[in-house]
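> Take a look at this one; I'll ask things after.
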Amino acid sequence: MNQTIDTLLNHRSIRQFKNTKLTDEQLDYIIRSAQQASTSSYMMAYTIIGITDAEKKAALAEVSGQPYVKDNGHLLVFCADLHRQTHSATSEDYNQMVDNLENSEHFLVSAIDAALAAQNAAIAAESMGLGICYLGSLRNHLERVDELLALPTHVIPLFGMAIGEPAHQPERKPRLPKSAIYFENEYQPHDDAIQTFDDQIAEYYQSRSSNNRSDTWTDQMHRRFKKTMRMDVTDLVQKKGFNKR
């Protein structure tokens, strides 16, 4: 065990922050750490937008429905970005590039690049004693977020990250056992591992210090996938020139 692994293994989502802004030095380390993440073919196909305008923060919190989108030390929005790959391209250049810009491969590349950068940012923040919460809820109204951030073609918002000094310390939420997510050589059946985890998570929900309930991981997943959600995401993604081919 070392300090880095200890930080990773003790991650938890923080949803209540002290009213303390990040310092310029903290933010600089976080962004520089994000930039050092691995990137496919040196594309660096992402953009990070820091939200400092109070009205924009409030509007994003309205989209999210979560108060900690507004009340935190700093808010970041991570975007897939293939716009800068067209820098200085002539019309002829662009016409030759567009099939690649709009294909599923480069949609995946840009989303993965952004996620890798975000996780580096998260670990950097947590290593400084800060807390973070990923914000997929910004996709509740993706077009509104796109408008608020004035994003050009080939740039789409993916998720946010609230960062700040923790104002609470929630219990660490259990994860699926290693036997359910790591297999050697080929995919393996793992129903028993999921059942064991369901028993563990049911006990966790019953015993945690707040928001007790009777639930399992399997029941959560069934509820989630039975209810359609964010069905407008595909239209916005394709409207912005991603994943069309």
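None of the figures in this text is laboratory data; all of them are computed from the coordinates on show. For clarity, every value in this text was computed on a predicted model and none was experimentally measured. Positions of Cβ are generated from backbone atoms using ideal geometry, with glycine treated the same way; all protein chains shown enter the neighbour counts.
> If I model the chain as equal point scatterers sitting on the Cα atoms and use the Debye formula, what is log10 I(q)/I(0) at q = 0.10 Å⁻¹?
-0.58
> Roughly how many Å is it from the Cα centre of region 119-186 to that of region 15-47, as a whole number?
Result: 12 Å between the Cα centres.
> On C-alpha positions alone, give me the angle between the axis of helix 91-101 and the longest principal axis of the chain, in degrees, nearest 10.
Roughly 20 degrees between the two axes.
> Note down the nm distance, to one decimal, between modelled labels 7 Å out along Cα→Cβ at Thr52 and at Lys18.
According to this spin-label approximation, the distance is 2.2 nm.
> Between Tyr46 and residues 5 or more places away or on another chain, which pairs have amide H atoms under 5 Å apart, with H built 1.01 Å from N, and which residues are they?
Asp81
> Asp219 versus Tyr187, label points 7 Å from Cα toward the beta carbon: distance in nm?
2.7 nm
> Another question, then. To the nearest 20 Debye, how big is the dipole of the chain about its Cα centre, given +1 on the beta carbon of each Lys and Arg and -1 on that of each Asp and Glu?
Charge dipole, the chain, about its Cα centre: 660 debye, nearest 20.
> In whole Hz and in residue order, list the ³J(HN,Hα) couplings for region 125-132 that follow from phi through the Karplus curve 6.51 cos²θ - 1.76 cosθ + 1.60, θ = phi - 60°; x for Gly and Pro.
4, 5, 5, 9, x, 8, x, 9
> Search the structure for amide H atoms under 5 Å from the amide H of Gln16, placed 1.01 Å from N in the peptide plane, and list their residues when 5 or more places away or on another chain.
Placed amide hydrogens put Ala167, His168 under 5 Å from Gln16.
> Relative to the first principal axis of the alpha-carbon coordinates of the chain, what is the inclination of helix 217-226, with its axis defined by its Cα atoms, in degrees from 0 to 90 and to the nearest 10?
Value to nearest ten degrees: 40.
> Right, here's the next one. Find which of His222, Pro177, Leu236 sits farthest along the positive direction of the dipole of region 175-238, computed with +1 on the beta-carbon of Lys and Arg, -1 on that of Asp and Glu, about the Cα centre.
Leu236
> I need to check one value: relative contact order of the chain, counting alpha carbon pairs closer than 8 Å and at least 6 residues apart, in percent.
Values: 362 pairs, mean separation 66.9, N = 245.
Result for the chain is 27 percent.
> For region 152-165, take each phi angle, set θ = phi - 60°, evaluate the Karplus expression 6.51 cos²θ - 1.76 cosθ + 1.60, and give the result in whole Hz per residue in order, putting x for glycine and proline.
Per residue, the Karplus-derived 3J(HN,Hα) values read x, 4, 6, 9, 9, x, 10, 6, x, 9, 8, 10, x, 6 Hz.
> What angle, in degrees between 0 and 90 and rounded to the nearest 10, separates the Cα long axis of helix 54-64 from the longest principal axis of the Cα atoms of the chain?
Here the helix axis deviates by roughly 60 degrees.
> At a 10 angstrom cut-off on C-beta neighbours, averaged per residue, how do the peptides 170-177, 11-18, 123-130, 153-160 rank from highest to lowest?
153-160, 123-130, 11-18, 170-177
> Next up: If packing is taken as the average number of other Cβ atoms within 10 Å across a peptide's residues, how do 19-26, 72-79 rank, most packed first? Let's see the in-between values first.
On the way: 19-26: 13.0, 72-79: 24.4.
Ranked from most to least packed, the peptides come out as 72-79, 19-26.
> Rounded to whole Hz and in sequence order, give me ³J(HN,Hα) for region 38-48 from the Karplus expression 6.51 cos²θ - 1.76 cosθ + 1.60, θ = phi - 60°, writing x for Gly and Pro.
Values, residue by residue: 4, 9, 5, 6, 6, 6, 6, 8, 8, 9, 10 Hz.
> Okay, next question. Taking amide H positions as placed in the peptide plane 1.01 Å from N, state which residues far from Gly73 in sequence (5 or more) or on other chains have amide H under 5 Å from it.
Ile163, Gly164, Glu165
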